[in-house]
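A.B. asks: One structure coming up, written as structure tokens, with questions to follow.
The values are calculated or read from the model by the stated rules, or taken from the named source; none is laboratory data. The shown structure was predicted, so the numbers you read here are calculated from the model rather than taken from an experiment. Note that we place each Cβ from the backbone using ideal geometry, even for glycine, and neighbour counts take in every protein chain shown. Keep in mind that these areas ignore ligands, DNA and RNA; they rest on the heavy atoms of the full protein, side chains included. Shrake-Rupley method; radii C 1.70, N 1.55, O 1.52, S 1.80 Å.
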Amino acid sequence: MMIYRRCNTCGNCPCTCGNGCGGNGFGGNGFGGCGCVNRGATGATGATGATGPQGPATITVGQTLTGEPGTAATVTSTGGENAVLTFTIPRGATGVTGATGATGPQGVQGIQGVQGPQGPQGAQGIAGPAGPTGATGATGATGATGATGPAGEASATGATGPTGATGATGATGATGATGETGPQGETGPQGETGPQGETGPQGETGPQGETGPQGETGPQGEQGATGVTPVITAAAETGEPDSQVTVVQTGTPEAPVLTFTIPRGVTGASAPQADAVANIADPAGASTEDVATTLNQLLTSLRAAGIIAPDAG
């Protein structure tokens, strides 16, 4: 019987490139550089074997979801006997906020505002007191004496004649010049303060002024660096019945490797399913309730080891 060997150049059998076998499976030397030779026809397919016994319930890892920072990791089982596990693992916390940026430069000073209008003139001040009366002017000159009357005839001395009439009064002399104003008199004493008047009624409250404009929002600080999300690798081992569930962490904080040791269930005397805690790594005879119990123990060990956050509830 002839057998095929693949061509060293094209990788096909028989050769199709023509370099090693000449394209016909034999080459120039009868076997070609690749050593291809013919083989016999493939024999008939054998009969299908009998169906094996029904296997136990299956456990399938479904989705792996990302939870909020600080929340507890959870495992949800669905699907009944053929359980599908959904893992929710919290992501890393957000990095700290970056420092506030430096204050910008001082803006340019605005232009000088327009000068306001001239205020009104103040009220007239109180007039000062009148100055003293000026000195009396000089007396005018005496008028001329009137003419003497004629002498009487010589005779015995007669009775004394009547006194002659008084001559006319001379004209009034011109008024003298006004004297200079006298010095300012001293200010009189301050009068006493009058009594305090009664307080007037309270005026009504004025209307509320309008709210000023909202100030501009300050600049947004730079966003802090994103926290590192760990990439977790999990491995499972089977422990002895009635032993404790353990978790051992190796690797780095960014890429931790978790090794779960889960005890094998104790074989029951007659029941097809074990009453002890189910073994996820070897789930023979495990029910959905057994799987949930084991996962709860697993989460408790993870929290005790400080690998995941404590349950917030």
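A.B. asks: Please determine whether any residue of the range 183-195 is within 30 Å of Gly137 (Cα to Cα) and surrounded by 10 or more Cβ atoms within 10 Å (Cβ to Cβ).
C.D. replies: Yes, that holds for at least one residue.
A.B. asks: Thr300 - would you say it is under 16 Å from Ile89 (Cα atoms), within 52 Å of the chain's Cα centre (by Cα) and at pLDDT 80 or above? Quick ask: steps written out before the conclusion?
C.D. replies: Values: under 16 Å from Ile89 (Cα atoms): yes; within 52 Å of the chain's Cα centre (by Cα): yes; at pLDDT 80 or above: yes.
Yes: the conditions hold for Thr300.
A.B. asks: Among what's in the range 159-215 and is in contact with a Gly (Cβ under 7 Å, 6 or more places away or on another chain) and β-branched (Val, Ile, Thr), pick the residue that is farthest from Thr133 (Cα to Cα).
C.D. replies: By that ranking, first place goes to Thr169.
A.B. asks: Please verify whether Thr217 is surrounded by fewer than 10 Cβ atoms within 10 Å (Cβ to Cβ), modelled with pLDDT of 85 or more, among the polar types (S, T, N, Q) and out of contact with any helix residue (DSSP H, G or I) (no Cβ under 7 Å at 6 or more places or on another chain), treating the condition exactly as stated. Show your work before the answer.
C.D. replies: Numbers: surrounded by fewer than 10 Cβ atoms within 10 Å (Cβ to Cβ): yes; modelled with pLDDT of 85 or more: yes; among the polar types (S, T, N, Q): yes; out of contact with any helix residue (DSSP H, G or I) (no Cβ under 7 Å at 6 or more places or on another chain): yes.
Yes.
A.B. asks: Let me ask something additional. Report, ordered by the first and then the second residue, all pairs with beta carbons closer than 6 Å, sequence separation of six or more or different chains, a first member in the range 128-149 that is closer than 19 Å to Gly167 by Cβ, and a second member that is open to solvent by 100 Å² or more (accessible area, probe 1.4 Å) and of a type outside the set (D, E, K, R).
C.D. replies: Gly140/Thr172; Gly143/Thr169
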